[in-house]
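Structure first, commentary second.
Just so you know, all these numbers are worked out from the coordinates, no wet-lab data involved. Every value quoted in this text rests on a predicted model; they were computed, and no experiment measured them. When we count neighbours, we look across all protein chains shown, and the Cβ atoms used for this are built from the backbone with ideal geometry, even at glycine.
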Ligand SMILES: C[S@@+](CC[C@H](N)C(=O)[O-])C[C@H]1O[C@@H](n2cnc3c(N)ncnc32)[C@H](O)[C@@H]1O
């Protein structure tokens, strides 16, 4: 990375006179996009910009590229390079699942129900769930993801947030643990291949193995429910995210197997499942 710095004034003067000279018809829009992207990248308020302040040329060039992308309608998610989750800033990269706001409700459930407990997360991606749990509660996390790129990214994010999650790169279903956990949490792959509700952005930008699971999207969830039993303490809990159309089919599967409660996301859809294995007769509709 180039660490050379230049004042915003000087950089913009050079850049805008180049754009005005070579492509005058897009110059005004380009300048607008540049300013918007600058504010986004450096997370500052318009009123606080000091135009004589110096910035990294590498970052400013990235902002110029983002602004050209905006003109062409090209997505800038990965050029921006970060995403907020649970009020914490996470580095993101193509090839690792970008955390989504829907998943914050899963973190709420864990934080509200557990204090000083040991938890395991299946499929950590950027580390968002486990890092948020350790940041906002005294629980300790172990987290597993089979994607080696996720390990690098989650480790970087963990250093930034000063947490102590144990990240493991492995297929979860190949692992054996000697310890038992108080809870398991996961935002697993739960989409059926070919689902027409999946947006083009998700299809093109989220990793395939983070999204899809056979058996109407439920194979991974069912496997977690079967195997989680051996991993949890007798009073242990499991918290799983699932798709907004999967509640009824999930309920059919869960009846008489486990004790379960559905929880809603902020849009009022049932999206999270809380499971325990004790006292199976407690099941309510
Ligand atoms: C939907 S993403 C969730 C990522 C992150 N927890 C989040 O919510 O932003 C699912 C994750 O599960 C991981 N995964 C898929 N199959 C796995 C397996 N068999 N063992 C471990 N991780 C797996 C994927 O690599 C992906 O990072």
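For a quick check, take a GNM of the chain with Cα springs below 10 Å and name the residue from 198, 122, 258 with the largest mean-square fluctuation. Fluctuation is largest for 198. By other beta-carbon atoms within 10 Å, ranking 201, 244 with the fewest at the front produces 201, 244.
Largest GNM mean-square fluctuation among 254, 218, 12, using the chain with Cα springs under 10 Å: 12. Report the residue, chosen from 48, 61, 139, that carries the largest GNM mean-square fluctuation when the chain is represented by alpha-carbon nodes joined by springs under 10 Å. Per the Cα network of the chain with a 10 Å cutoff, 48 tops the list.
Counting only DSSP beta bridges with both residues in the chain, tell me the antiparallel percent, nearest 5.
Bridges in the chain are about 50 percent antiparallel.
Each of residue 17 and residue 168 was given a label point 7 Å from its Cα along the Cα-to-Cβ line. The distance between the two points is 6.1 nm.
Distance between the C-alpha centres of region 253-281 and region 16-50: 49 Å, rounded to the whole angstrom. Once the Cβ-Cβ distance of residue 216 and residue 54 is raised to the sixth power relative to R0 = 45 Å, the FRET efficiency obtained is 0.25. Modelled label positions at residue 80 and residue 244, each set 7 Å beyond Cα in the direction of Cβ, lie 2.1 nm from each other. In this structure, residue 89 and residue 255 have a Cβ-Cβ separation that, at R0 = 51 Å, corresponds to a calculated FRET efficiency of about 0.75. Restricting the calculation to Cα atoms, region 118-197 yields a radius of gyration followed by a Dmax of 13.2, 41 Å.
Projected over every direction and averaged, the convex hull enclosing the alpha-carbon atoms of region 127-285 yields 10.3 nm².
Calculated FRET efficiency, residue 269 to residue 71, Cβ-Cβ distance, R0 = 30 Å: about 0.25 to the nearest 0.05. The residues 255, 140, when put in order of fewest to most other Cβ atoms within 10 Å, stand as 255, 140. Only DSSP H runs of four or more residues enter the estimate; each adds -39500 (n - 2.57), and after division by the residues of the chain the mean residue ellipticity at 222 nm equals -12000 deg cm²/dmol. Counted residue by residue at 0.36 nm each, then reduced by the alpha carbon distance between them, the extension gain from residue 115 to residue 36 reaches 24.3 nm.
Could you put 145, 182, 195 in order, starting from the residue whose Cβ has the fewest other Cβ atoms within 10 Å?
Starting with the residue having the fewest Cβ neighbours, the order is 195, 182, 145.
The Rg/Rh ratio for the chain is 1.06, where Rg is the radius of gyration of the alpha carbons and Rh is the Kirkwood radius.
Placing dummy labels 7 Å off each Cα toward the beta-carbon, the span from residue 203 to residue 9 is 5.0 nm.
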